[in-house]
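The values are calculated or read from the model by the stated rules, or taken from the named source; none is laboratory data. Remember, it's a predicted structure, so these values are computed and weren't measured experimentally. Note: ideal-geometry Cβ built from the backbone for every residue, glycine included; neighbour counts use all protein chains shown. Accessible surface areas use protein heavy atoms only, side chains included; no ligands, DNA or RNA. Shrake-Rupley method; radii C 1.70, N 1.55, O 1.52, S 1.80 Å.
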Amino acid sequence: MPLTLCPVSRSEFDLVSHIQVQPDQVRFSGTVAQAFEEDEDGVDFHAVLNDACAVGFFKIDRLYHETYEFARSAELGLRAFMIDREHQGKGFATAATAALQTYLTRHYPDRSAVVLTVNMQNPGAIRCYSKGGFEDTGGIYPHGMAGPQHILRMALAGR
């Protein structure tokens, strides 16, 4: 599977605008349109590509530590990670998660780790992140929009 990750500028909405998750997953990830509508400081967009076709999307929050007290200033936040519903179940999420360590180290060389929260009611996502190299910190973030969330962290390459 020739999967790659790449940055997406705000002017490249058309590259990822078709990506949609299952209706019951929107509460966990939001939508691509919502991500582009929000004007968040410190947030970068990225795509998951299969050949030249975008099959996924995620946000990297460089200021994650300013919102979440469990994150450190040298850590990135992974948010709104989603794989298009037509491409789910094909291993893209696990492959993309596994590629994050090298990809983020290259694009954010001054950062030591990437952190995320994942809803306790989303066991598929928890398994995916664990297979991709994230470790459960044992902490719980109780204020998730869809309920309590596990806090996961992955050290970046060479850190």
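Over the chain, what is the relative contact order in whole percent, taking alpha-carbon pairs under 8 Å and six or more residues apart?
Over the chain, the number comes to 21 percent.
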Taking 41 Å as R0, compute the FRET efficiency from the Cβ-Cβ separation of Lys90 and Arg62 and round it to 0.05.
0.85
Measure of exposure for Met154: accessible area at 1.4 Å probe, Å² rounded to 10, is 10 Å²
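Taking only protein heavy atoms and a 1.4 Å probe, what accessible area per residue, in Å², does the chain have with all protein chains in place? Could you put the intermediate results ahead of the total?
On the way: 8000 Å² over 159 residues.
On a per-residue basis, the chain sits at 50 Å².
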Distance between the C-alpha centers of region 103-126 and region 22-85? Whole Å please.
10 Å
Leaving ligands, DNA and RNA out of it, work out the accessible area of Lys59 with a 1.4 Å probe and give it in Å² to the nearest 10.
10 Å²
Along the Cα→Cβ direction, 7 angstrom out, place labels at His18 and Cys6. What is the inter-label distance in nm?
1.4 nm
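At 1.4 Å probe size, put Leu116, Leu49 in order of accessible surface, largest to smallest. List each step's numbers first, then the result.
Details: Leu116 0, Leu49 25 Å².
Result of the area sort, largest leading: Leu49, Leu116.
Based solely on its DSSP helices, what 222 nm [θ] is calculated for the chain when runs of n ≥ 4 H residues each add -39,500 (n - 2.57) and the sum is averaged over all residues, nearest 500 deg cm²/dmol? Mind showing how you got there, number by number?
Details: 6 runs with 43 residues, N = 159.
-7000 deg cm²/dmol, from helical runs alone.
What order do Leu63, Leu5, Leu100 take when sorted by accessible area (1.4 Å probe), most exposed first?
Numbers: Leu63 55, Leu5 25, Leu100 0 Å².
Output order, biggest surface exposure first: Leu63, Leu5, Leu100.
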Rounded to the nearest 10 Å², the 1.4 Å probe accessible area of Phe70 is 40 Å²
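Scan region 46-145 for GluC sites (Glu not before Pro) in coil per DSSP, keeping those whose Cβ has at most 15 other Cβ atoms within 10 Å, and list them by number.
Numbers: sites: Glu66, Glu69, Glu75, Glu86, Glu135; in loops: Glu69.
Loop-located and lightly packed - Glu69.
Determine the share of the chain's accessible area contributed by carbon and sulfur atoms, expressed in whole percent, with a 1.4 angstrom probe.
Working: 3950 of 8000 Å².
The value for the chain is 49 percent carbon and sulfur by accessible area.
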Here the residues of region 9-35 lying in the modelled label zone of Ala99, meaning backbone nitrogen under 15 Å from a point 7 Å along Cα-to-Cβ, are 16
